[in-house]
Amino acid sequence: MAEDKKEAEKIARCAMCADMCKYSCPTYLATGRETLSPQKMARLIVYDEKGLLEDEKGFLDLMFQSAMCGACSRHCIYDDYDLRKFIHQARVKAFAKGVIPEDVRKRVEIFKKFGNPNGERELINKGIGDTGYFISCCSYKDEDLLKAAEKMLSKSGLAVRRFGGGDICCGAPLYYAGDMEGFRQASLKMKAEIEKRRVRRIVVDCPTCVKTMTEIYREIGVELDVEIMHTVQFIDALLEQGRLSFRRNSRSVAFHDPCILSYDLAMSGIPRKIIAALGFNLKEPIYSQEHTHCCGGAYGAKIGDHRLKDAVTSMRLKELRDAAADIYVTACPTCKSVLSEINMKYITELVAERIIAKR
Ligand code: SF4
Ligand code: SF4
């Protein structure tokens, strides 16, 4: 009860705030719509809790228009506050009432049928070793990324067990849809799939998978007895151990920081270290690292409203183009696909292109 009171005080505090974090909120910046700004979202959440809203469906729809990127949390004046928690609670309510947006409903249905959000059937399961490389739903169809990963893994000399596709998924699409029972079941299935493979650590390309399998699983009481690493951490470890050698290159690279990698996992420094080790000349986009902007494909904007997603994507593309780099690189397969207009590469591809031999 005391906890509930504390939480109610936090959202009320946000609803009364000066809303300066909106100048970091990608959905507000891309559209200029005040209702999408963090403080206005918080105000509507408070009004809804008090039963003051006439159009509850309109309110719940709006809750699916946040990119759930975390920029407001990173730039919040309070250290102990994350608006996304309250937006997510509203999504849980929308799911329970059956009033989720059509796109979200379709993705949930596909997930329930196939065990993944894309309707994939083929299961990837190859190799042996106590390191696992989990091929997430957003890496699964990216042939360039998978080819680059294969090259890097084979040159590293490590035994790596690759798995993914089919009905193996961390369950994030269900979590962001507000389907907490479906998400709990998906998390238990994921845990069982990992235990079956007896790996000690798992490398994952997708920052959302990493956040989901660590922080969000913990919140629902699911603990994985393995180390979960994002790919940039793994590449960094391979470099530290001297397992890879490169042909250096002096062309310019701009790195697009995926919001979850930057805001939640605080790993912005690692890809920059890798890019420097390859000899590239780093060019920073005007909004980068802890000031990055979402690509528009984060869970939330991607599944809630396509026009909004396009506005956020256009804004980010312009910011990246303004960096005028020779090569654009990121560390999230979804960002790569959403920003494909500028030939975005996943960082493993940059690494694989430069590898010359295993030591
Ligand atoms: S998220 Fe933080 S800074 Fe932004 S409006 Fe709410 S309390 Fe204020
Ligand atoms: S999570 Fe992102 S999109 Fe949603 S309100 Fe916060 S800054 Fe805006």
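Working only within the stretch 90-104, note down all residues that are in contact with a helix residue (DSSP H, G or I) (Cβ under 8 Å, 6 or more places away or on another chain) and more than 18 Å from Ser187 (Cβ to Cβ).
The initial filter retains those residues of the stretch 90-104 that are in contact with a helix residue (DSSP H, G or I) (Cβ under 8 Å, 6 or more places away or on another chain), namely 90-95, 97, 99-101, 103-104.
Within the stretch 90-104, Ala90, Lys93, Ala94, Lys97, Val99, Ile100, Pro101, Asp103, Val104 qualify.
Listed residues Arg121, Arg105, Arg74; which is basic (Lys, Arg), on the phi < 0 side of the Ramachandran plot and within 16 Å of ligand 2 (Cβ to nearest atom)? Give the steps one after another, and end with the answer.
Values: Arg121 fails: within 16 Å of ligand 2 (Cβ to nearest atom); Arg105 fails: within 16 Å of ligand 2 (Cβ to nearest atom).
Residue meeting the stated conditions: Arg74.
Among the residues of the stretch 232-251, which ones are exposed (fewer than 15 other Cβ atoms within 10 Å of the Cβ), assigned to a strand (DSSP E or B) and touching a Leu at 6+ places or on another chain (Cβ under 8 Å)?
Passing the criteria: none in range.
Can you tell me which residue is nearest to the chain's Cα centre (by Cα) among those in the stretch 198-216 that are among the charged types (D, E, K, R) and crowded, with 17+ Cβ neighbours inside 10 Å?
Within the stretch 198-216, the first condition is being among the charged types (D, E, K, R), and the residues that meet it are 198, 200-201, 205, 211, 215.
Adding the requirement that they be crowded, with 17+ Cβ neighbours inside 10 Å leaves 205, 211.
On the way: Asp205: 10, Lys211: 8 Å.
Ranking the qualifying residues of the stretch 198-216, first place goes to Lys211.
Which residue pairs have Cβ atoms closer than 8 Å, lie 6 or more positions apart in sequence or on different chains, and pair a first residue in the stretch 61-84 that is of a type in the set (Phe, Trp, Tyr) with a second residue that is in a loop (DSSP other than H, G, I, E, B) and more than 8 Å from ligand 1 (Cβ to nearest atom)?
Every condition considered, the pairs that remain are Phe64/Ile100; Phe64/Pro101; Phe64/Gly300; Phe64/Asp305.
Which of the strands (runs of 3 or more DSSP E) found entirely inside the stretch 277-359 contain at least 2 residues meeting this: over 30 Å from Leu36 (Cβ atoms) and modelled with pLDDT under 95?
Numbers: elements: 281-283, 327-330, 355-357.
Those strands (runs of 3 or more DSSP E) span 355-357.
If the requirement is being crowded, with 19+ Cβ neighbours inside 10 Å, within 13 Å of ligand 1 (Cβ to nearest atom) and either of a type in the set (Ser, Thr, Tyr) or within 27 Å of Cys332 (Cα to Cα) (or both), which of these qualifies: Leu83, Leu62? Don't jump to the end; show me each part of the working.
Details: Leu62 fails: within 13 Å of ligand 1 (Cβ to nearest atom).
Only one candidate qualifies: Leu83.
Considering only residues that are under 14 Å from Ala90 (Cβ atoms), away from ligand 2 (no atom under 12 Å from the Cβ) and either of a type in the set (Val, Ile, Thr) or in contact (Cβ under 8 Å) with a residue 40 or more places away in the chain (or both), which ones fall in the stretch 9-55?
Selection gives Ile11, Val46, Asp48, Glu49.
The values are calculated or read from the model by the stated rules, or taken from the named source; none is laboratory data. Predicted model, so just to flag it, every value in this text is computed and none were measured. In this analysis, Cβ positions are derived from the backbone assuming ideal geometry, glycine residues included, and neighbour counts consider all displayed protein chains.
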